[in-house]
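See structure below.
The values are calculated or read from the model by the stated rules, or taken from the named source; none is laboratory data. Not measured: the values here are computed from a predicted model. Positions of Cβ are backbone-derived with ideal geometry, glycine not excepted, and every protein chain shown enters the neighbour counts.
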Amino acid sequence: MSDNKSGEGLKDAVQRKGSFGQTLRAVGWSFFGVRKSTEHEKDVAQLNPVHVVIAALMGVGVFIASLVLIVRWVLSSGVAS
């Protein structure tokens, strides 16, 4: 019954004590692609995967909102016309 083992692994991962601030920092650096392998290993061992998903969705939202604002600013300035 591998489903039971994977369920236990997920429960253990969700109980990790990494703070949401650490998760935000790790996800932010990951967006730039400049994580050291030792830091990545530490993050995998400490960070809560639910926090990682939430932080990634927040990061994507901020990125998309930034792009939309930049495009609106460029279009309103008349540079693109």
**Where a residue in segment 25-38 is over 16 Å from VAL53 (Cβ atoms) and its partner, wherever it lies, is surrounded by 10 or more Cβ atoms within 10 Å (Cβ to Cβ) and among the aromatic types (Phe, Trp, Tyr), with Cβ under 9 Å and at least six apart** = ARG35/TRP29
**Request:** Answer with yes or no whether ALA13 is modelled with pLDDT under 85, part of a helix (DSSP H, G or I) and in contact with a helix residue (DSSP H, G or I) (Cβ under 7 Å, 6 or more places away or on another chain).
**Result:** yes
**Request:** Output the residues belonging to segment 16-33 that are modelled with pLDDT of 80 or more and either not in a helix (DSSP H, G or I) or not aliphatic (A, V, I, L, M) (or both).
**Result:** SER19, PHE20, GLY21, GLN22, THR23, ARG25, GLY28, TRP29, SER30, PHE31, PHE32, GLY33
**Request:** Could you grab me the full set of residues in segment 21-56 that are more than 13 Å from the chain's Cα centre (by Cα), within 17 Å of LYS11 (Cβ to Cβ) and of a type outside the set (A, V, I, L, M, F, W, C)?
**Result:** GLN46
